[in-house]
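Below is one structure, written out as structure tokens; comments come after it.
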Amino acid sequence: MTTLLALDTATEACSVAVLHDGKVLSHYEVIPRLHAQKLLPMIKQIMADIGAPLSAIDAIAFGRGPGAFTGVRIAIGVVQGLAFGLDRPVLPVSNLAVLAQGAHRVQGATQVAAAIDARMDEVYWGCYAAVEGEMRLQGEEAVLAPEQVALPDAANGHWFGAGTGWGYAERLAVKPDAFDASALPHAQDLLTLARFAWARGEAVPADLAQPVYLRDKVATPKAR
């Protein structure tokens, strides 16, 4: 039986989830600025709860962004440390996709416009549609001013908005049937997406655990 560990710290939420012996456990807390202190103890606790050692893990999935610069780096640092130590591969998963998967799980939404507040008067944006239970990207992810967002070409039917970017709802160029601006990524949904990716053989070596910020200038020093 496959054992997968999933973790996410890309937003205010810090969460972990594990699949072992066909059983899923997860732990989720909204703890801004405490991710670095809390993440490893949460991993240790959830592995104890499920009754398996870290060595039982086949791969580690993580939220690779977009999201808070520091939060994404914390996840990648922990993932690489564990994956190198255990000699296991990793499964990078988009945080926008995780939001969409959460809306599918909680709201039953089959088309989701995921948006995370990117600060600097912009949002991280991605549109997803359910395909056999997996929320798959339609078009591309981007960082945009709220007025510039759009649904995919030829989009129709009902759309649900998920994520903190919907705090800009009045300015967003897309008007869904409903939205949840309080939604944050949850490792339970990250784990669901990771299971699909694992089945397709998409795990990669630990040194390929890299962040995706969408906004290049976040990680690039300003020219003097």
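Of all the residues that make up segment 145-204, how many are polar (S, T, N, Q) and assigned to a helix (DSSP H, G or I)?
So the first thing to find is which residues in segment 145-204 are polar (S, T, N, Q), and the list is 148, 156, 164, 182, 188, 192.
When the remaining residues are screened for being assigned to a helix (DSSP H, G or I), the result is 148, 164, 188, 192.
So the count comes out to 4.
A quick yes/no check of all residues on (1) assigned to a loop (DSSP other than H, G, I, E, B); (2) of a type in the set (Lys, Arg); (3) more than 30 Å from Leu208 (Cα to Cα):
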residue	(1), (2), (3)
Gln101	no, no, no
Ala109	yes, no, yes
Cys127	no, no, no
Arg136	no, yes, no
Val143	no, no, no
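Return the pairs, sorted by first residue and then second, in which the second residue is loosely packed, with under 15 Cβ neighbours inside 10 Å, the first residue lies in segment 140-152 and is of a type in the set (Val, Ile, Thr), the beta carbons are less than 8 Å apart, and the residues are 6+ apart or on different chains.
Val149/Ala173
In this structure, is Ser55 under 19 Å from Gln188 (Cα atoms), of a type in the set (Ser, Thr, Tyr) and either touching a Phe, Trp or Tyr at 6+ places or on another chain (Cβ under 7 Å) or at pLDDT 95 or above (or both)?
Details: under 19 Å from Gln188 (Cα atoms): no; of a type in the set (Ser, Thr, Tyr): yes; either touching a Phe, Trp or Tyr at 6+ places or on another chain (Cβ under 7 Å) or at pLDDT 95 or above (or both): yes.
In short, no.
Table: residues versus (1) in contact with a Leu (Cβ under 7 Å, 6 or more places away or on another chain); (2) part of a strand (DSSP E or B); (3) not aliphatic (A, V, I, L, M).
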residue: Thr11; (1), (2), (3): yes, no, yes
residue: Ala17; (1), (2), (3): yes, yes, no
residue: Glu29; (1), (2), (3): no, yes, yes
residue: Arg33; (1), (2), (3): no, no, yes
residue: Pro41; (1), (2), (3): no, no, yes
residue: Ser55; (1), (2), (3): yes, no, yes
residue: Pro66; (1), (2), (3): yes, no, yes
residue: Val72; (1), (2), (3): no, no, no
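The values are calculated or read from the model by the stated rules, or taken from the named source; none is laboratory data. Remember, it's a predicted structure, so these values are computed and weren't measured experimentally. In this analysis, Cβ positions are derived from the backbone assuming ideal geometry, glycine residues included, and neighbour counts consider all displayed protein chains.
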